[in-house]
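Following: one structure in structure tokens, then a few remarks.
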Amino acid sequence: MSHSKSYDQIEIRIGQIKAEICKLGPLRPGTLSQQYNVCGRPECCCKGDPPRKHGPYYKITYSWHRRYTSEFVREVDIARVRAQLDSYQRLRVLVEEWVGLGLERARLEREERKNSGRKTPGKGASARKFKATHPRDVLSRPHRGRR
Ligand SMILES: [Zn+2]
């Protein structure tokens, strides 16, 4: 039991995570890669021996809403894009940790209820609360408009 966190520790860490998320700069998902190309000119150095291909060209690829996209990135933009990719990765790590802490906190609550010997809230009450706060319901609400 000594390895598990207390409520206070969990709340403090969640507070730090929120603060760090607030400070994140611009972000975008994706992977940056380099590629070298061969052109269409027959006498070009890219056809030599050994060939000297053109490049590097930088490309960012990502999937968003199940759509796979690939874009070229100019060399002057590389540093900025790298920073955005790093911010996105950091956000993912922080959100992951936050969710883990949320689960840990829920486990503590469950154990506390068990130890206190009190009954869990009535089924109706907890079900209603769950439905009202479930993200899926919140997200789908705008689509439920009267037509
Ligand atoms: Zn060429």
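Bear in mind these aren't lab numbers, they're just calculated from the coordinates by the rules spelled out. Please read all numbers here as calculations on a predicted model, not as lab measurements. FYI the Cβ positions are ideal-geometry reconstructions off the backbone, even for glycines, and counts take in every protein chain you see.
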- request: Quick one: net charge around A83, please, counting Lys, Arg +1 and Asp, Glu -1 for every other residue with C-beta under 12 Å from its C-beta.
  value: +2
- prompt: Within region 13-74, which GluC sites (Glu not before Pro) sit in a loop by DSSP and count at most 14 neighbouring Cβ atoms inside 10 Å?
  reply: E43
Neighbourhood net charge (12 Å Cβ-Cβ; Lys/Arg +1, Asp/Glu -1) for I10: -1
- request: Report the calculated FRET efficiency for V99 and Q16 (r = Cβ-Cβ distance, R0 = 22 Å), to the nearest 0.05.
  value: 0.90
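Rounded to the nearest 0.05, what FRET efficiency do D77 and R52 give with R0 = 30 Å and r taken as the Cβ-Cβ distance? Could you check?
The computed FRET efficiency comes out at 0.75.
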